[in-house]
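Asks: My questions will all concern the structure given below.
The values are calculated or read from the model by the stated rules, or taken from the named source; none is laboratory data. Since the structure is predicted, the reported quantities are computational estimates derived from the model, not experimental observations. Glycine also receives a Cβ, built like all others from the backbone with ideal geometry; neighbour counts cover every protein chain displayed. Ligands, DNA and RNA are stripped out before the accessible areas are found, and what is left, the full protein with its side chains, is counted by its heavy atoms. Shrake-Rupley method; radii C 1.70, N 1.55, O 1.52, S 1.80 Å.
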Amino acid sequence: MISSTIANNLPQDQEIWNSLQKAIAKSSGFQRWQKENKFNGTVEEQVTQYLRSTLETLAY
């Protein structure tokens, strides 16, 4: 998962990821996705799934 990948990098990367997660979690797009998908999991897991889902849609 992303957290294990980040753990192998600089501590600054973890700080950036944490800030990014918080910003994404506050976004209206994420909140809408959260309500529509009823995805259970940690905030990190939800953000990761949201980003995957968004990228898949954009790649389509």
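Asks: Quick check: with the 1.4 Å probe, what order do Leu10, Leu51, Leu58 take by accessible area, largest first?
Replies: Leu58, Leu10, Leu51
Asks: Compute the helix-to-body angle for 28-37: its Cα long axis versus the longest principal axis of the chain, expressed 0 to 90° and rounded to tens.
Replies: Rounded to the nearest ten degrees, it is 70.
Asks: Rounded to the nearest 20 debye, what is the charge dipole size of the chain about its Cα centre when +1 sits on each Lys and Arg Cβ and -1 on each Asp and Glu Cβ?
Replies: My answer is approximately 280 debye.
Asks: Right, something else. Measure nothing fancy, just the Cα-based angle from helix 11-26's long axis to the longest principal axis of the chain, in degrees from 0 to 90, nearest 10.
Replies: It is inclined by approximately 20 degrees.
Asks: Tell me the angle of helix 43-59 to the major Cα principal axis of the chain, expressed in degrees between 0 and 90 and rounded to the nearest ten.
Replies: 60
Asks: Under a 1.4 Å probe, what is the accessible area of the chain per residue, stated in Å²?
Replies: 78
Asks: For the range 21-60, which whole-number percentage of the solvent-accessible area (1.4 Å probe, protein heavy atoms only) is attributable to carbon and sulfur atoms? Let's see the in-between values first.
Replies: Details: 1630 of 3110 Å².
In the range 21-60, the share of accessible area belonging to carbon and sulfur is 53 percent.
Asks: According to a simple spin-label model (label point 7 Å from Cα along Cα-to-Cβ), what is the distance in nm between Glu44 and Asn18?
Replies: 1.1
Asks: Same structure again: Between beta-carbons, use under 13 Å as the cut-off and find the net charge around Ser19, counting Lys and Arg +1, Asp and Glu -1.
Replies: The answer is -1.
Asks: State, to one decimal in nm², a quarter of the convex hull surface area for the C-alpha atoms of the chain, i.e. the direction-averaged projected area.
Replies: Values: hull surface 17.7 nm².
Seen from a random direction, the Cα hull of the chain projects 4.4 nm² on average.
Asks: Now for a different question. Putting +1 on Lys and Arg Cβ atoms and -1 on Asp and Glu Cβ atoms, find which of Asn18, Gln31, Leu58 reaches farthest to the positive end of the dipole of the range 8-60.
Replies: Of the listed residues, the answer is Gln31.
Asks: Kindly provide the helix-only [θ] at 222 nm of the chain, computed as the sum of -39,500 (n - 2.57) over DSSP H runs of four or more divided by all residues, to the nearest 500 deg cm²/dmol?
Replies: So the calculated ellipticity at 222 nm is -25500 deg cm²/dmol.
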